Amino acid sequence: MILRELATRNFRNLEPERLELHPDANVFVGANGQGKTNLLEAIYFLSTTKSFRTTRVANLFRFDADHLFAEGVAEGDGLRKTLSIGIEAASTRKRELLVNGQKSPLDQYVAQLPVIAYSAARLEIIRGAPDERRRFLDRGIASLRPGYLSALSKYQRTVEQRNALLRAVADGDERESSLAAWDAELASTGAVVAAARAEFAAMLSSEFAKVVAEMRYHVDDLELRYEPSGAFLSDRGSVLSALERLRPRELGAGFTIQGPHRDDLAFSIRGRNAAEVLSSGETKMTVLFLKLARVALYRERAGRKPLFIFDDVDAELDLPVIERLMAFLCRGVQLFASSAKDEVLSRLDLGAHVRIPVAAGRAGTPLLRDLPDEH
């Protein structure tokens, strides 16, 4: 599916309007602070119900607004669908997801319009805490297997309920034997998550190497490796035995010590932590290549082109690198990009696209560029 129209209400500084979008490439141009990134964020929010800039939904609301709304029209495979997401006041965060006016479960909703986002300002995949890398893995898996979100949610609920029981046993309010059923549930749900992450990490590593080679960039010795917490990739008996051995420590701590909720994705260069070796520029390029690897995986596995959000195209990237990136992206994404430097964009071969000026939260008239001769 591709996104043909976007409308928002009370989303950051954006003025309420309906914007028509190009099926291949859309570039938002304008000075900094005018709303270019907010438009990209609105597209990501519409597609995923989340932001690629913040984990706090309250930050997306226009000041003093009591609700937030985004709507889009998607087209593909001969179908036309309307997607919408509404959230009530930031304090309650009550959310409603609709596809063609009908309420939709989260996993079915996010499968409608897969999107991958890159921002040079967000480097947490390499430099951040493990939860950022787990989130990166989970979003990649969910784009290929929408049902994975339900499996992940089931595991997370199991951990929460098991933690509560661990505390109750430690306090003497429950018998220790009552943990057996939750150990079994943890082993079962955790195995599904761990297996999916291990498979995706292996595929991602392979595609990442191909992207780095195509971009002719010098991080070809960087390795990524899935690091599971616990024995959840082993047989069920091994997992249960490991949990039994951990029982005294878990009762003392009051929470589940091992499991996919504590997994990590390690990045290393010749055995050293990549976060400590890579420069700022190299880190930005590495994160970008990881996102391009996700694009390649999605195109190969799903046979469809995803949306790709590229915030600040010209941020510390050499022109030859940008040119190779654009050639890669033009092979099969609907591109949404932003730039404060129109002169940089003028030197790139973007193919047929529109440039949309943005000022004071309002998108101007799209300017059609590079149309084929027959048009």
Given the Cα-Cα distance of T49 and N13 and 0.36 nm per residue of separation, how much length would full extension add, in nm?
11.1 nm
On full extension of the chain, what length is gained from A253 through S280, given 0.36 nm per residue of separation minus the C-alpha to C-alpha distance?
6.0 nm
Expected output is a single nm value to one decimal: the length gained when fully extending between E343 and K94, i.e. 0.36 nm times separation in residues minus the C-alpha distance. What is it?
85.3 nm
Can you list the residues, at least 5 places off or on another chain, whose amide H is less than 5 Å from the amide H of E174, using H built in the peptide plane?
V169
Could you work out how far apart the two model spin labels at A31 and D131 are, taking each label as a point 7 Å from the Cα in the direction of the beta carbon, and quote it in nm?
3.8 nm
Any idea how far the Cα center of segment 26-60 sits from the one of segment 151-210, in Å?
33 Å
Net charge of neighbours whose Cβ lies under 13 Å from the Cβ of F136, counting Lys and Arg as +1 and Asp and Glu as -1
+4
If contacts are Cα pairs under 8 angstrom and at least 6 residues apart, what is the relative contact order of the chain in percent?
24 percent
Looking at the P(r) of the chain, how many percent of alpha-carbon pairs lie beyond 26 Å?
56 percent
Sequence order, segment 72-81: Karplus ³J(HN,Hα) from phi using 6.51 cos²θ - 1.76 cosθ + 1.60, θ = phi - 60°, Hz rounded, Gly and Pro as x, gives x, 10, 10, 10, x, 6, x, 10, 10, 10
Grab the DSSP H runs of the chain that are 4 residues or longer, score each as -39,500 (n - 2.57), total them, divide by all residues and round the 222 nm result to the nearest 500 deg cm²/dmol.
-13500 deg cm²/dmol
Starting from segment 310-352, pick out the GluC sites (Glu not before Pro) whose DSSP state is loop and whose Cβ has at most 11 other Cβ atoms within 10 Å.
E316
Counting only DSSP beta bridges with both residues in the chain, what percent are antiparallel, rounded to the nearest 5?
70 percent
Which value, in debye to the nearest 20, gives the size of the charge dipole of the chain about its Cα centre, when Lys and Arg are +1 and Asp and Glu are -1 at the Cβ?
480 debye
Per the 1/(1 + (r/R0)^6) rule, R0 = 45 Å and r from the Cβ atoms of A170 and N59, FRET efficiency to 0.05 is 0.75
Count, lysine Cα pairs under 18 Å in segment 1-154, 8 or more residues apart or across chains
5
Positive-pole candidate from F255, V287, L368, dipole of segment 247-375, charges at beta carbon:
F255
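None of the figures in this text is laboratory data; all of them are computed from the coordinates on show. Bear in mind that the values here come from a model prediction, so they are computed numbers and not experimental data. We place every Cβ from the backbone using ideal geometry, glycine too, and count neighbours over all the protein chains shown.
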